[in-house]
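Only one structure is covered here, and it is reproduced in the block below.
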Amino acid sequence: GAVVSQHPSWVICKSGTSVKIECRSLDFQATTMFWYRQFPKQSLMLMATSNEGSKATYEQGVEKDKFLINHASLTLSTLTVTSAHPEDSSFYICSAGRQGSNSPLHFGNGTRLTVT
Amino acid sequence: DAKTTQPPSMDCAEGRAANLPCNHSTISGNEYVYWYRQIHSQGPQYIIHGLKNNETNEMASLIITEDRKSSTLILPHATLRDTAVYYCIPTTSGTASKLTFGTGTRLQVTL
């Protein structure tokens, strides 16, 4: 079945530094990937839609200059949290779907970011 | 996006059927009902989806009412590993369709 891989699974960084999270579709091509954020005891909130070869589309209230998304190939999207602060500590999850099909979206296992 | 209502929590004894309801009375004619679950500290896992007809796969069954305003996910023989938060999400089909997660139902399967 479709597999989406995220790396790293967890990361701790100091306030003010930047962190890059990778999302890969391992056995299929994905023109569209989605990035979510989940705070403790809350549901997943969509941050942005990542489009291969073009700019990401951000949800209202999500700062595009802080959360940089790059979708340079059909199998890889990256999310960079720039100048991270403790309030950016969260569980970041990506999802992707097989290009050109109606198959359901599949999710990575998430990246837990802790900013100290 | 259609609004959904799910009970915040449910309990089920292991081995029994778990029936998880979802109300989606504002669902559009071209929207499917997708069900995902999230086990603690993992990414969501796809379970099943349907448009009008009832569906069954190796994980679960999905019963959709004739007016499509509600549906029920059935786990026929719940196990402890089915303990998770279950989300029903109406959305158009296709890989470009984003999923909007509500608060879901926290299912606790007990011995």
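The values are calculated or read from the model by the stated rules, or taken from the named source; none is laboratory data. Remember, predicted model here, so these are calculated numbers, not experimental data. Methodologically, a virtual Cβ is constructed for each residue, glycine included, from the backbone with ideal geometry; neighbour enumeration extends over all protein chains shown.
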If we keep only residues of the range B:16-29 that are over 10 Å from the mean Cα position of the chain (by Cα) and in a strand (DSSP E or B), then the residue nearest to the other protein chains (Cβ to nearest Cβ) is B:N23
Within the range B:30-75, of all residues that are under 14 Å from B:T91 (Cβ atoms) and among the hydroxyl-bearing types (S, T, Y), the one farthest from the other protein chains (Cβ to nearest Cβ) is B:S71
Of the residues in the range B:33-46, those that are of a type outside the set (S, T, N, Q) and buried (at least 21 other Cβ atoms within 10 Å of the Cβ) come to B:V33, B:Y34, B:W35, B:Y36, B:R37, B:G43, B:P44
Filtering the range A:1-23 down to residues that are surrounded by 15 or more Cβ atoms within 10 Å (Cβ to Cβ), among the hydrophobic types (A, V, I, L, M, F, W, C), within 15 Å of the chain's Cα centre (by Cα) and within 13 Å of another protein chain (Cβ to nearest Cβ) yields A:V4, A:I21, A:C23
A careful count of residues in the range B:80-111 that are without any contact (Cβ under 8 Å) to a residue 60 or more places away in the chain and among the acidic types (D, E) gives 0
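Based on what the data block shows, is B:S41 in a loop (DSSP other than H, G, I, E, B) and in contact (Cβ under 8 Å) with a residue 60 or more places away in the chain? Can you show your working first?
Values: in a loop (DSSP other than H, G, I, E, B): yes; in contact (Cβ under 8 Å) with a residue 60 or more places away in the chain: no.
Here the answer is no, as B:S41 does not meet what is asked.
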Reported set for the range B:67-79 where residues are crowded, with 16+ Cβ neighbours inside 10 Å, free of Cβ contacts under 8 Å to residues at least 60 places away in the same chain and in a loop (DSSP other than H, G, I, E, B) is B:R68
Filtering the range A:56-100 down to residues that are among the charged types (D, E, K, R) and loosely packed, with under 13 Cβ neighbours inside 10 Å yields A:E63, A:D65, A:E87
Within the range B:80-111, restricting to residues that are more than 9 Å from chain A (Cβ to nearest Cβ) and assigned to a loop (DSSP other than H, G, I, E, B), the one that is modelled with the lowest pLDDT is B:L111
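Every residue, every condition in (1) among the basic types (K, R); (2) modelled with pLDDT of 95 or more, yes or no:
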position: A:S15; (1), (2): no, yes
position: A:T49; (1), (2): no, no
position: A:S54; (1), (2): no, no
position: A:K66; (1), (2): yes, yes
position: A:T75; (1), (2): no, no
position: A:V81; (1), (2): no, yes
position: A:P104; (1), (2): no, no
position: A:T116; (1), (2): no, yes
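Looking only at strands (runs of 3 or more DSSP E) that lie completely in the range A:24-116, which have at least 1 residues being at the interface with another protein chain (Cβ under 10 Å from one of its Cβ atoms) and among the aromatic types (F, W, Y)?
Values: elements: A:32-38, A:45-51, A:67-73, A:76-81, A:90-96, A:111-115.
Strands (runs of 3 or more DSSP E) meeting the threshold: A:32-38, A:90-96.
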Sole miss for A:L26 among (1) over 10 Å from the mean Cα position of the chain (by Cα); (2) in contact (Cβ under 8 Å) with a residue 60 or more places away in the chain; (3) more than 23 Å from B:Y87 (Cα to Cα) is condition (2)
